[in-house]
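Presented below is the structure to which this report refers.
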Amino acid sequence: MSDIKFEIVKKIGVLSKSEKGWAKELNLVSWNDREPKYDIRTWSPDGQKMGKGITLSKEELAALKELLGKMEL
């Protein structure tokens with residue numbers, strides 16, 4: 001399996017943190033030198049390892065924001 005190249009272009013915020021220091025974050029990430037996308041996933045404390053996550057375009061993030069705004073928590 002080939003290496004995945006990534007660059008965290010902008011750290012937006014931490015959603016939660018585990019006891020072991022892994023943080024679920026919302027970031028703007030460029031994967032394999034492509035245009036950056038919004039990304040929600042867990043990251044190790046040193047930022048070199050990651051868990052499974054989801055990437056969203058700007059339009060998808062706007063749609064998610066709209067849906068969340070309609071939710072009653």
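The values are calculated or read from the model by the stated rules, or taken from the named source; none is laboratory data. All values derive from a computational prediction rather than experimental measurement. Glycine also receives a Cβ, built like all others from the backbone with ideal geometry; neighbour counts cover every protein chain displayed.
One residue alone among Lys52, Lys37, Lys5, Lys17 is charged (D, E, K, R), free of Cβ contacts under 8 Å to residues at least 12 places away in the same chain and surrounded by 10 or more Cβ atoms within 10 Å (Cβ to Cβ), and that residue is Lys17.
One line per residue, one yes/no per condition, for (1) at pLDDT 95 or above; (2) part of a strand (DSSP E or B):
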{"residue": "Ile8", "(1), (2)": "yes, yes"}
{"residue": "Leu15", "(1), (2)": "yes, yes"}
{"residue": "Gly21", "(1), (2)": "yes, no"}
{"residue": "Ser30", "(1), (2)": "yes, yes"}
{"residue": "Glu35", "(1), (2)": "yes, no"}
{"residue": "Tyr38", "(1), (2)": "yes, yes"}
{"residue": "Thr42", "(1), (2)": "yes, yes"}
{"residue": "Gln48", "(1), (2)": "no, no"}
